[in-house]
Amino acid sequence: MLESIRKVWKIEDLRKKLIYTFLMLLLYRLVGVIPAPGVDAAKVMSSAASDLPLLELVNMMTGNAFSQMTIMAMGITPYINASIIMQLLTIAIPALERMSRDEEGGREKIQRISRYVTVALAAVQAIGLVAGLGYIKAGWLNYVLVGVSMAGGTALAMWIGERITEKGIGNGISLLIFAGIVSNLFNGIVNGFRTASTVT
């Protein structure tokens, strides 16, 4: 394996793609620690969103960004949902079906619509989930701040994923999900050792 990595590193084009992919993943993780405005930090610190079984998956895929209520709390899940919705709509709506068959610019138009649907879904999901957990401060402006900031975080994650796919190595969206899971796994191992040390 080390020999394979050494060989890949010697090829200049692959080396640039590897570095680019790593830097974009690092950017994704760094942005994932910025707290979302409008969220009551005291309530977030006093309770763990990951304790709710239904939200554990979201928290795992975002690398604990959801339980910490950062701007990346929604992660890339709204993009996945939007892609599924658009695939279903292309079957149900004839105009979208014709557009998907259009080789020249139809698929690009559907991808553009998917991006808009992603941002809208991210805003709705953010407000719904964060309000449901009781983390939003009082006042309508805080609802707007949560929706806009977390939808912006999802839009940035989507952009990073697309840039990795275009200029890096592998599928960018899959790599972002993988990065979140690996980060969550690392945090779980560290917490496991801490718990074990306090018990003994």
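For a protection proxy built on the mean count of beta-carbon atoms within 10 angstrom, sort 77-85, 111-119 highest first, please.
77-85, 111-119
Would you calculate the convex hull of the Cα atoms in the range 81-177 and tell me its volume per residue in Å³?
120 Å³
So what are the range 113-160's ellipsoid semi-axes, whole angstrom, largest first, if each one is the square root of 5 times an eigenvalue of the alpha-carbon gyration tensor?
21, 10, 9
In cubic angstrom, how much convex hull volume per residue do the alpha carbon atoms of the range 1-151 span?
It comes to 175 Å³ per residue, whole-number rounded.
Where in the chain are the DSSP H helices whose alpha-carbon span along the long axis reaches 27 Å or more and whose Kyte-Doolittle mean is at least 1.0?
172-199
Please give, to one decimal in nm, the separation of the simple spin-label points placed at residue 10 and residue 88, each 7 Å out from Cα toward the Cβ.
5.1 nm
Could you count how many Lys pairs in the chain have their Cα atoms under 24 Å apart, skipping same-chain pairs fewer than 8 positions apart?
8
Ordered by packing density, taken as the mean number of other Cβ atoms within 10 Å over each peptide's residues, highest first, how do 30-36, 15-21 rank?
The packing order, highest mean first, is 30-36, 15-21.
Can you tell me the order of 86-98, 61-73 when each peptide is scored by its average per-residue count of other Cβ atoms within 10 angstrom, highest first?
Going by the mean number of other Cβ atoms within 10 Å, highest first, we get 61-73, 86-98.
Give, rounded to the nearest 20 debye, the magnitude of the charge dipole that the chain has about its Cα centre when Lys and Arg contribute +1 at Cβ and Asp and Glu contribute -1 at Cβ.
440 debye
The numbers here are math on the coordinates, done by the rules we state, and not lab data. Predicted model, so just to flag it, every value in this text is computed and none were measured. In this analysis, Cβ positions are derived from the backbone assuming ideal geometry, glycine residues included, and neighbour counts consider all displayed protein chains.
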